[in-house]
Amino acid sequence: MSPTPPRFPPLRRVLGRRRGPGVVLAALGLALSLLSIGPASARADLRATDTAGATSSPRSAQAPVRVAEFVAECPFTHRLPDDPIVFPGLPGASHMHSFFGNDSTNARTDLAALQRGRTSCSPTVDLSSYWTPTLYDNGKEVEPTGTTFYYLGEGVRDDVIATIKPLPLGLRIVAGNAKATGVGDPTSIARWSCLHHGEVNPSKDFVNCPAGSMLESYLDFPQCWNGKDLDSPDHKSHMAYPVGGQCPATHPVAVPKLRQVLRYPVSGDPGRFKLASGAGYTMHGDFFNAWPEDEMARRVRDCINVIIKCGADGRP
């Protein structure tokens, strides 16, 4: 926190109204000496907030935030009724999906295609593809304006975080269940909430957000890998969620947890909303990893293993 600037007494109060010349000169000297404190304090405040300046800010000298995290911001790119994980090679076989990140994704996408593609992500080295069922508001497509994909160490103990391995190139993961039957279905794991309105309780189904707010979707992907398969017949069994702060013996390799956070510019009556897969509790996400191996490994080493919060560039 920047130091509180000194409070200067009004000059008229310092000088007074009926004082002799000597007193006036002395008072002027006092006022000037007080004023000389101000610019230095102000300059200190400017140094603390002007990150573009040549002088290092006090914030940069502070210890890094102890959160095992790096991020990718990946805006919406396109919509297609395709799913290259669940229905590979079958255009139009899926419900409508909204795609983020790699702009080449379609039913025939494989790793080589992603590596040749372009991305909307920041950082641009992330050529991965992310997709979800499209959201509709009274039948009209709505795309999120906030699209953050967090890579986290949370969910396991600190000693396990220190052993987390990079997500393997070409890994495919599906989280959530497009065929969930209700809010009580344990396979439904997404949460809906309202931006900046914590008084609205999160739910597996759509929530009623106040006017001016935004509808948010949170979805955590599993972070324990079996160590050998990049996919599985059900697209889930090669991955697992931690149990008791560690990975189960069947899936011994801890990898970063992917958290998908989407913010949609809609609010109000949730009866207007529907996903291409159905009700809000059918929210799910697909991830096809195309991070360059060296970039993924650097971020895991420098951000996740040492429990440091990093930005899109993979640095604290």
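All of the numbers you see were taken from the coordinates with simple rules; none came from a lab. Since we're looking at a predicted model, the values are computed, not measured. With ideal geometry, Cβ positions are generated from the backbone for all residues, glycine too; neighbour counts draw on all protein chains shown.
Worth a mention:
- A crude spin-label estimate for the pair ASP229 and ARG79, with each label 7 Å from Cα along the Cβ direction, gives 3.3 nm.
- Neighbours of THR119, meaning other residues whose beta-carbon lies under 14 angstrom from its beta-carbon, give a summed charge of -2 when Lys and Arg score +1 and Asp and Glu score -1.
- Quotient of C-alpha Rg and 2.2 N^0.38 Å, computed over segment 253-316: 1.58
- D_trans [Stokes-Einstein, Kirkwood Rh over alpha-carbon pairs] for segment 143-207, 25 °C, 0.890 mPa s, µm² s⁻¹: 161 µm²/s
- Environment charge at ARG66 (Cβ cut-off 15 Å; Lys +1, Arg +1, Asp -1, Glu -1): -3
- Applying the Kirkwood pairwise sum to the alpha-carbon positions of segment 57-206 produces a hydrodynamic radius of 17.9 angstrom.
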